[in-house]
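Asks: I have a structure I would like to understand better, so I am pasting it below and will then ask my questions one at a time.
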Amino acid sequence: MAEVCAFCGAELKRFGIDTLVCANVTQTVCKDCWTKYRDASQTERCRDILKHSWAKEPEQIHAFLEEQEREAAREQARAEKLNRLISCCGQPMTPLGVSKFQLGQTSWIFGDWSNLLAGAMELAVFRCERCGQIKFMDPNIMKDRMKEP
Ligand SMILES: [Zn+2]
Ligand SMILES: [Zn+2]
């Protein structure tokens, strides 16, 4: 039985068989499809290959796509939660990461407590892309809040 292109079903000639990997499965493809999908993302390849039934190990490709969707949903939920916790000008703030801030002895913010608080403090830093405001959050509290359902 002749090999066929996993994307379009075209019969492949013995020489000139190309391959592309979809969800860790190596698929045989024709020249045209190779050119078309060479730079496509894994998700795009997997979606298109499942439109027909020529793909090898379609179950594995299905599973891969489902996992991708679950991952996207998790990412979406995370972004929404973050937006509820910290936002500015009606839009989410950009997380700039967690930084250690050195609290000096002469810190006027903390007045007489400066001795108690002297040392480093970890702060999660966020920036509003619209108005330029920077907000700090306690990273430990952020972490706990993100875990809450
Ligand atoms: Zn093809
Ligand atoms: Zn703002």
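The values are calculated or read from the model by the stated rules, or taken from the named source; none is laboratory data. The shown structure was predicted, so the numbers you read here are calculated from the model rather than taken from an experiment. Cβ placement follows ideal geometry from the backbone for every residue including glycine, while neighbour counts extend to all protein chains displayed. For the accessible areas, the whole protein counts, side chains as well, though only heavy atoms, and no ligand, DNA or RNA atoms are used. Shrake-Rupley method; radii C 1.70, N 1.55, O 1.52, S 1.80 Å.
Asks: Return only the number of the condition from (1) touching a residue at least 12 places away in the same chain (Cβ under 8 Å); (2) within 30 Å of PRO139 (Cα to Cα); (3) surrounded by 11 or more Cβ atoms within 10 Å (Cβ to Cβ); (4) not aromatic (Phe, Trp, Tyr) that GLY97 does not satisfy.
Replies: (3)
Asks: Something else: Looking at (1) over 17 Å from the mean Cα position of the chain (by Cα); (2) open to solvent by less than 70 Å² (accessible area, probe 1.4 Å); (3) within 16 Å of ligand 2 (Cβ to nearest atom), which one does PRO58 not meet, given that it meets all the others?
Replies: The single condition PRO58 does not satisfy is (3).
Asks: Right, here's the next one. Filtering the stretch 61-84 down to residues that are surrounded by 14 or more Cβ atoms within 10 Å (Cβ to Cβ) and hydrophobic (A, V, I, L, M, F, W, C), which residue is farthest from the chain's Cα centre (by Cα)?
Replies: At the first step, the residues of the stretch 61-84 found to be surrounded by 14 or more Cβ atoms within 10 Å (Cβ to Cβ) are 61-62, 64-65, 68, 81-82.
Next, from what is left, pick out any that are hydrophobic (A, V, I, L, M, F, W, C): 61, 64-65, 82.
Working: ILE61: 19, PHE64: 15, LEU65: 14, LEU82: 15 Å.
Per the stated criteria, the residue is ILE61.
Asks: Return the total of residues in the stretch 25-45 being surrounded by 15 or more Cβ atoms within 10 Å (Cβ to Cβ), away from ligand 1 (no atom under 15 Å from the Cβ) and among the hydroxyl-bearing types (Ser, Thr, Tyr).
Replies: Summing the residues that are surrounded by 15 or more Cβ atoms within 10 Å (Cβ to Cβ), away from ligand 1 (no atom under 15 Å from the Cβ) and among the hydroxyl-bearing types (Ser, Thr, Tyr) in the stretch 25-45 gives 1.
Asks: Do the conditions hold for ALA40, that is, is it outside the structural domain of MET137 (by TED's automatic domain parsing), more than 16 Å from ligand 2 (Cβ to nearest atom) and within 30 Å of GLU148 (Cα to Cα)? Break it down stepwise before answering.
Replies: Working: outside the structural domain of MET137 (by TED's automatic domain parsing): yes; more than 16 Å from ligand 2 (Cβ to nearest atom): yes; within 30 Å of GLU148 (Cα to Cα): no.
So ALA40 fails the test.
Asks: If you don't mind, another one. Of all residues in the stretch 33-64, which are basic (Lys, Arg) and part of a helix (DSSP H, G or I)? Reasoning before the result, please.
Replies: Keep residues of the stretch 33-64 that are basic (Lys, Arg), which gives 36, 38, 45, 47, 51, 56.
The answer is LYS36, ARG45, ARG47.
Asks: How about the stretch 76-114: which of its residues are in a loop (DSSP other than H, G, I, E, B), modelled with pLDDT under 85 and of a type outside the set (Ser, Thr, Tyr)?
Replies: To start, the set of residues in the stretch 76-114 that are in a loop (DSSP other than H, G, I, E, B) comprises 86, 89-90, 93, 104-110.
If we keep only those that are modelled with pLDDT under 85 too, we end up with 104-110.
Hits for the stretch 76-114 are GLY104, GLN105, TRP108, ILE109, PHE110.
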